[in-house]
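To keep things clear, I will list the structure first and then write my remarks on it.
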Amino acid sequence: MITVLGSINMDLIATVQRLPAPGETVAGKDFATAAGGKGANQALAAGRAGSAVRMVGAVGNDQFAAPSLELLVEAGIDIEAIRKVDGATGTALILVESSGENAIAVIPGANGHIDETSAMDTAGLMSPGDHLLLQLEIPAAAIRTALQAARERGATSVLNIAPLTDEAVELAANADIVIANETEFERLAGVSSMAPEERENALMDLHGQSGQTIIVTLGAEGVIAARDSALLRAESLPIEPVDTVGAGDTFCGYLAAGLDRGELFDAALRQAAVAGRLACLKPGAQPAIPHRADVEAAISR
């Protein structure tokens, strides 16, 4: 069983020719709304990958609460532990340029109500051998408590250190598996602008010091990971991206699903890398998350 403790948002998405510079106004082409939030995105990805998933989080009492949960319900995600609080549901304001790159501003809303009590309640839902999937769009105190509780319950914790926060390095030290992109990994390593060989060396050094599984996603260049004293790689898919906003979350959900099913780590890593790239072929985060059959078909090709 995978338990996701994390954010639930409604995404407000504008498509523009290019991202504006500070102080600049640019014309947009399209606008859409879609359910999002890194926690909900990763829960949906794990569900579409075929795993049993429980989502723990909070929504507001506004017009965004119900639509933010629609795709989770459709996918069979257990949402019984999602609280409704006074105020606004979390929102994300997303600009997507023609190349697929994006800029995002997140307003926490109800996600800010997730606290240590929420984390302890989450722990009570887990059993030994379960996986706990976390991100950094909820208060650090809740993440810290959940990581400790997962260890005490015999569950494996998977922490995606996105979006990068001041507490990221401290929190990452308490997770069993850490997932970062290039920029986030530089914060972990304490080094900036690393060449590929330097990044791999830093990855193995960190792994050797902590014993943790550490994964670095590299976009079109695939994924590298350090596990059991070995450096592993998974190739990406050659695609023309439409929107990269949900790629990282799709990767995280699929990786957790593969591990929860007991797959070999390198197979789970490859499937997650392919799923993450497929998520770049459609606009929006949750609508773009592929189903397991699509990922398996892409791998077989």
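The values are calculated or read from the model by the stated rules, or taken from the named source; none is laboratory data. Since the structure is predicted, the reported quantities are computational estimates derived from the model, not experimental observations. Cβ coordinates were reconstructed from backbone atoms using ideal geometry, including for glycine residues, and neighbour counts include every protein chain displayed.
Summary table below
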{"item": "Residue under evaluation Leu136, criteria (1) modelled with pLDDT of 95 or more; (2) part of a helix (DSSP H, G or I), criterion not met", "result": "(2)"}
{"item": "Residue match in region 217-238 (condition: modelled with pLDDT of 95 or more, surrounded by 19 or more Cβ atoms within 10 Å (Cβ to Cβ), out of contact with any Asp or Glu (no Cβ under 6 Å at 6 or more places or on another chain) and under 17 Å from Gln135 (Cβ atoms))", "result": "yes"}
{"item": "All positions within region 262-293 that are closer than 24 Å to Ser229 by Cβ and touching a helix residue (DSSP H, G or I) at 6+ places or on another chain (Cβ under 9 Å)", "result": "Glu263, Leu264, Phe265, Ala267, Ala268, Leu269, Arg270, Gln271, Ala272, Ala273"}
{"item": "Residue list for region 244-291, restricted to those being over 19 Å from Gly129 (Cβ atoms) and of a type in the set (D, E, K, R)", "result": "Asp249, Asp266, Arg270, Arg277, Lys282"}
{"item": "Search result, residues across region 113-127 that are surrounded by 17 or more Cβ atoms within 10 Å (Cβ to Cβ) and either within 18 Å of the chain's Cα centre (by Cα) or part of a helix (DSSP H, G or I) (or both)", "result": "His113, Ile114, Ser118, Ala119, Thr122, Ala123, Leu125"}
{"item": "Flag if Pro287 is farther than 24 Å from Ala75 by Cα, at pLDDT below 95 and out of contact with any Ser or Thr (no Cβ under 8 Å at 6 or more places or on another chain)", "result": "no"}
{"item": "Scan of region 31-71 for residues that are farther than 22 Å from Gly129 by Cα, surrounded by fewer than 24 Cβ atoms within 10 Å (Cβ to Cβ) and either modelled with pLDDT of 95 or more or among the charged types (D, E, K, R) (or both), ordered by number", "result": "Gly60, Asn61, Asp62, Gln63, Phe64, Ala65, Ala66, Pro67, Leu69, Glu70, Leu71"}
{"item": "All positions within region 242-257 that are part of a loop (DSSP other than H, G, I, E, B) and either at pLDDT 95 or above or not hydrophobic (A, V, I, L, M, F, W, C) (or both)", "result": "Asp243, Thr244, Gly246"}
{"item": "Flag for Ser51 being small (Gly, Ala, Ser) and assigned to a loop (DSSP other than H, G, I, E, B)", "result": "yes"}
{"item": "Residue within region 225-235 that is among the hydrophobic types (A, V, I, L, M, F, W, C), closer than 28 Å to Arg54 by Cα, in a loop (DSSP other than H, G, I, E, B) and within 19 Å of the chain's Cα centre (by Cα) present", "result": "no"}
{"item": "Residue that is surrounded by the most Cβ atoms within 10 Å (Cβ to Cβ), among those in region 260-289 that are in contact with a strand residue (DSSP E or B) (Cβ under 6 Å, 6 or more places away or on another chain) and assigned to a loop (DSSP other than H, G, I, E, B)", "result": "Ala285"}
{"item": "Every residue from region 61-82 that is in a loop (DSSP other than H, G, I, E, B) and either within 18 Å of the chain's Cα centre (by Cα) or touching a residue at least 60 places away in the same chain (Cβ under 8 Å) (or both)", "result": "Ala75, Ile77"}
{"item": "Pairs with Cβ under 6 Å, 6+ apart, first in region 238-255 and within 19 Å of Leu159 (Cβ to Cβ), second charged (D, E, K, R)", "result": "Asp249/Lys38"}
{"item": "Region 93-120: number of residues that are under 30 Å from Gly258 (Cβ atoms) and modelled with pLDDT under 90", "result": "8"}
